[in-house]
1. Spot the failing condition for ALA114; the list is (1) assigned to a strand (DSSP E or B); (2) more than 18 Å from VAL38 (Cβ to Cβ), and only one is missed.
2. Out of the residues in the range 117-144 meeting the condition of being surrounded by 14 or more Cβ atoms within 10 Å (Cβ to Cβ) and of a type in the set (Asp, Glu), tell me which one is modelled with the highest pLDDT.
3. Is at least one residue of the range 149-167 hydroxyl-bearing (Ser, Thr, Tyr) and closer than 20 Å to ASN46 by Cβ?
4. Being outside any helix (DSSP H, G or I) and surrounded by fewer than 19 Cβ atoms within 10 Å (Cβ to Cβ) is true for just one of GLU31, GLU101. Which residue is that?
5. Whether any residue in the range 85-97 is touching a His at 6+ places or on another chain (Cβ under 8 Å) and in a helix (DSSP H, G or I) is what I want to check.
6. Whether any residue in the range 87-95 is open to solvent by 60 Å² or more (accessible area, probe 1.4 Å) and farther than 21 Å from LYS21 by Cα is what I want to check.
7. If you go through the range 58-86 one residue at a time, how many are more than 22 Å from VAL8 (Cα to Cα), in contact with a strand residue (DSSP E or B) (Cβ under 6 Å, 6 or more places away or on another chain) and open to solvent by less than 30 Å² (accessible area, probe 1.4 Å)?
Amino acid sequence: MEKKNFTVARIVTHTRSGIGKCERHNERKNESYGNMNVDLGRTPMNIHFRDCGGTTYNETLDKLVSDGTVSLRGLKKDAKVYDEMILDVNSDYFEQHGGYEFAKRFYEEAYRFAAKVYGERHILSAVMHADEINLALTEKYGHPIYHYHLHIVALPVVEKQVLWSKRCKSPALVGTVKETIQQVSHSKKWKSQQIIDEEGKTSLLPSYRILQDEFFRHMQESGFTDFVRGERGSDTQHLSGLEYQIKQDAERLKEIQRSIEEKAIREKVVSEIHKTYLEIDHMGKKGITGKVTISKEDFELLTEFAKEGISGRGEIQRLKSDCSRLSMQNFDLQNDLKYREKQLDALVTRCRPYWQAAKIEPERVKAFLDSILEPLRRGEEKKAETILYRKGKVRTGEEKEQ
């Protein structure tokens, strides 16, 4: 089955003291990288949709605070004040649609999505990386394939109303709005939401987990298709560049080991066959009359080979027939699977509004569906009772009285 392309939308939080490592990676301020797949010769091809204008992330934050654009009031010294949003689709998707130029258009639209989420003035940096090579696909296609993705560093800001406290001089002002500030707060920006899973169980989910849905929907509506939403409910953690490379290298090592083992088996079989040929060539002795005489043991061995050859021809023919049949069966199953996937996609699209409504107002949705389905249930119960009656297992009330 053809491999699908998946969207990725995730958020990593950073403190003021810990943002430096992220900044050095995103802005390519290192001289070397733990991820050895960064091709610094292509770094000028990275695209900034927004940057700090030469200052650091922390310096930009300090300026925003001093200007009154945002507030860090009430936050602890080690609070997580930066959100790093990473938007991505697997490398093959961009290769299939034209590579670098297509990636620029795609992530320009992805940046618009991020600006809608955070507000553009709260985004410090948005950079598309075009200099990280994907070794696995490079090996597969025979030419360099790059992993295009977007890093966005933003401030999670919410509007907060500060009220007059009881300590103010005018009692009439107590409890009224003193000022409205733009508060940096990751927890308030991404409050947990109550969700209900397929089994009806209720749990709390950080709202930024729903970004996957919103990012997928935004890009689809903007005309970028041929990919599906990333795995729902996955707890798989993102791999760093080095970890990802180790994983890819491990997979390639397995393939190499498998090839070596298969080659060794083939060589052993060929060696055994060659040995058998030599044994046959040296069987028998030619006499003066030209007749060949062989020993009883050699004759029995040749007879055995002949029988095996005849049996093998029949087995080969049977295997060819089975192979042809299974190929046709596999072709039919692939077509059937594609048809069912389309049906499933259509069903998911039709059911999505009901599922979203059930997340928000589960009780109202349940009551609404019960009111619609109740007549159908009564009809099914009456039908079942009629069937049982015909089989003599149920009698009506009048028949019981008689």
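1. (1)
2. Filtering first and then ranking leaves GLU120.
3. Looking only at the range 149-167, we keep the residues that are hydroxyl-bearing (Ser, Thr, Tyr), and these are 165.
From what is left, the residues that are closer than 20 Å to ASN46 by Cβ are none.
No: the range 149-167 contains no residue that is hydroxyl-bearing (Ser, Thr, Tyr) and closer than 20 Å to ASN46 by Cβ.
4. Numbers: GLU101 fails: outside any helix (DSSP H, G or I).
Only one candidate passes the filter, namely GLU31.
5. Looking through the range 85-97, at least one residue is touching a His at 6+ places or on another chain (Cβ under 8 Å) and in a helix (DSSP H, G or I).
6. Residues of the range 87-95 open to solvent by 60 Å² or more (accessible area, probe 1.4 Å): 95.
Add one more test, that the residue is farther than 21 Å from LYS21 by Cα, and what stays is 95.
Checking the range 87-95: at least one residue is open to solvent by 60 Å² or more (accessible area, probe 1.4 Å) and farther than 21 Å from LYS21 by Cα.
7. The total comes to 4.
So that you can scan it fast, the table gives a plain yes or no per residue for (1) open to solvent by 100 Å² or more (accessible area, probe 1.4 Å); (2) over 30 Å from VAL228 (Cβ atoms):
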position	(1), (2)
LYS307	yes, yes
LEU319	no, yes
TYR339	yes, no
GLN343	no, no
VAL348	no, no
LYS359	no, no
PRO362	no, no
ILE372	no, yes
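The values are calculated or read from the model by the stated rules, or taken from the named source; none is laboratory data. Small disclaimer: the values here were computed from a predicted structure and weren't measured. Don't worry about glycine lacking a Cβ; one is built from the backbone with ideal geometry, like all the others, and counts go over all protein chains shown. Side chains are part of the model used for accessible areas, which takes the heavy atoms of the whole protein and leaves out ligands, DNA and RNA. Shrake-Rupley method; radii C 1.70, N 1.55, O 1.52, S 1.80 Å.
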